[in-house]
Amino acid sequence: MSDLDLERILSFDMEWLSPEEAELSVSKLIDRGWLLGERNNLAPAFATQDITTPIGWFPRPARLINPTEYNRLATEDKKPIVESSASVSKTAPTVQQTGTTSFDPREKLAGRLAKYIARSAKIPPEEIQRRAQRKQQALNYASNWLCLALIAREQNLQMEEIVAALSS
């Protein structure tokens with residue numbers, strides 16, 4: 001991801017920082033070792049596959065603007081629950097892809113929701129999972145259950161039942 005794309009995400013997409021603060025933040029994240037590569041091709045300095053982010057989470061702007069020095073040993077020892085805004089991966093991890101359990105209670109219903117959509121829309125479950133993964137890749141920040149809800153909507157299924165199931 002380029003530095004300009006990351007700045008846009010931090011300021012306009014996520015609305016965490018002003019454009020000036022986002023520019024400063026990305027420069028500091030590069031300087032402190034959190035981001036690696038050239039400015040037009042940045043990547044996080046750590047693996048993001050097992051990192052999940054609860055809905056509504058946002059970072060403290062001061063930590064983005066003035067990050068600590070990246071310590072590879074400290075981050076490898078810990079299994080973080082949330083990810084830094086600078087470490088957003090191109091594909092959002094799902095329970096099926098990573099084999100880990102999400103802290104989002106709705107994720108536990110994703111398997112049943114996928115089967116319900118497949119049965120109701122008369123589409124094979126494998127196709128439902130394939131579509132959900134494609135949506136996650138396209139939407140970056142969407143969770144597996146949200147992608148499944150979008151697929152249900154595309155199939156003109158009754159959303160009241162799905163929303164009620166995900167709300168419990």
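Taken together, the values in this text are just the output of simple stated rules run on the coordinates, not laboratory data. Bear in mind that the values here come from a model prediction, so they are computed numbers and not experimental data. A quick note on method: Cβ atoms are made from the backbone with ideal geometry, for glycine too, and the neighbour counts reach across all protein chains shown.
Listed values, structure above:
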item	result
Exposure proxy ranking, count of Cβ atoms within 10 Å, fewest first, for Met159, Met14	Met159, Met14
Inter-centroid distance (Cα atoms) of segment 1-80 relative to segment 105-168, Å	29 Å
Distance in nm between pseudo-label sites at Tyr141 and Ser167 (7 Å out along the Cβ direction from Cα)	2.3 nm
FRET efficiency, 1/(1 + (r/R0)^6) with R0 35 Å, evaluated for Asn156 and Ala62 via beta carbons	0.15
Exposure proxy order (Cβ contacts within 10 Å, fewest to most) of Trp57, Trp34	Trp57, Trp34
Kirkwood hydrodynamic radius (C-alpha pairs) into Stokes-Einstein, segment 3-49, 20 °C and 1.002 mPa s, D in µm²/s	199 µm²/s
Ranked list, fewest to most other Cβ atoms within 10 Å of each Cβ, for Arg60, Arg32, Arg119, Arg106	Arg60, Arg119, Arg32, Arg106
